[in-house]
1. Give me a count of the residues in the range 90-108 that are within 14 Å of the chain's Cα centre (by Cα) and not in a helix (DSSP H, G or I).
2. Within the range 1-13, can you find the residues that are loosely packed, with under 13 Cβ neighbours inside 10 Å and out of contact with any Leu (no Cβ under 7 Å at 6 or more places or on another chain)?
3. Within the set of pairs 6+ apart or on separate chains, which have a first residue in the range 79-103 that is without any contact (Cβ under 8 Å) to a residue 40 or more places away in the chain, a second that is among the small types (G, A, S) and surrounded by 12 or more Cβ atoms within 10 Å (Cβ to Cβ), and C-beta atoms under 8 Å apart?
4. Would you call Y76 of a type in the set (F, W, Y) and over 14 Å from A22 (Cα atoms)?
5. Can you name the residue in the range 54-75 that is part of a loop (DSSP other than H, G, I, E, B), out of contact with any strand residue (DSSP E or B) (no Cβ under 7 Å at 6 or more places or on another chain) and of a type outside the set (K, R) and, of all such residues, is surrounded by the fewest Cβ atoms within 10 Å (Cβ to Cβ)?
6. If the requirement is being surrounded by fewer than 16 Cβ atoms within 10 Å (Cβ to Cβ) and more than 21 Å from E90 (Cβ to Cβ), which of these qualifies: T50, T16, T28?
Amino acid sequence: MKNLSLQEQDMFWGETGPYSEAKMILNTRILDDGISRVTVEIDGNINPTTFKIVKKNKKVFAKDPVIIDLLESARYEGTDWGYHVSLGYEELRTDEDGEKVMDRARNKLQILKDAIIRMHEFVLDYLDED
């Protein structure tokens with residue numbers, strides 16, 4: 001098993017392993033006395049230790065375009081927020097359009113969750129190697 005420094009362990013965010021977040025955010029913009037627009041955003045925060053280990057082993061993910069995109073587009077936001085990633089946002093305009101937008105958003109959220117899980121699985125296996 002590979003050893004992590006205390007700082008690297010702390011930057012895992014989880015007590016027993018890596019912890020990261022994937023989220024769907026409904027963002028309502030209010031202008032003056034009314035709602036000007038509503039958007040749905042798919043964002044995530046990847047813990048610093050996971051991100052650094054995966055990035056260091058980027059070649060392993062050469063055939064995983066989602067993870068490659070996350071590694072290349074992530075923005076570091078400090079130890080409390082880690083690496084911020086986004087799968088984009090879309091405006092909700094009408095009720096009919098809204099269902100289609102929400103379906104696409106749920107799909108993107110699942111894609112992000114699955115990618116983060118693959119990253120966590122890799123890190124756990126990587127740390128378990130001799």
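Laboratory data are not the source of any read-out in this text; all were calculated from the coordinates shown. Values in this document were obtained by computation on a predicted structure and should not be read as measured data. Note that we place each Cβ from the backbone using ideal geometry, even for glycine, and neighbour counts take in every protein chain shown.
1. 0
2. Residues of the range 1-13 that are loosely packed, with under 13 Cβ neighbours inside 10 Å, as a first pass: 1-3, 5-7.
Hits for the range 1-13 are N3, S5, L6, Q7.
3. Between residues of the range 79-103 that are without any contact (Cβ under 8 Å) to a residue 40 or more places away in the chain and residues that are among the small types (G, A, S) and surrounded by 12 or more Cβ atoms within 10 Å (Cβ to Cβ), the close pairs are Y83/A74.
4. Numbers: of a type in the set (F, W, Y): yes; over 14 Å from A22 (Cα atoms): yes.
Yes: the conditions hold for Y76.
5. Within the range 54-75, the subset part of a loop (DSSP other than H, G, I, E, B) is 57, 62-64, 74.
Applying the additional criterion that residues be out of contact with any strand residue (DSSP E or B) (no Cβ under 7 Å at 6 or more places or on another chain) yields 57, 62-64.
With the extra rule that they be of a type outside the set (K, R), the set shrinks to 57, 62, 64.
Working: N57: 12, A62: 9, D64: 16.
Restricting to residues being part of a loop (DSSP other than H, G, I, E, B), out of contact with any strand residue (DSSP E or B) (no Cβ under 7 Å at 6 or more places or on another chain) and of a type outside the set (K, R), the top hit is A62.
6. On the way: T50 fails: surrounded by fewer than 16 Cβ atoms within 10 Å (Cβ to Cβ); T28 fails: more than 21 Å from E90 (Cβ to Cβ).
The conditions single out T16.
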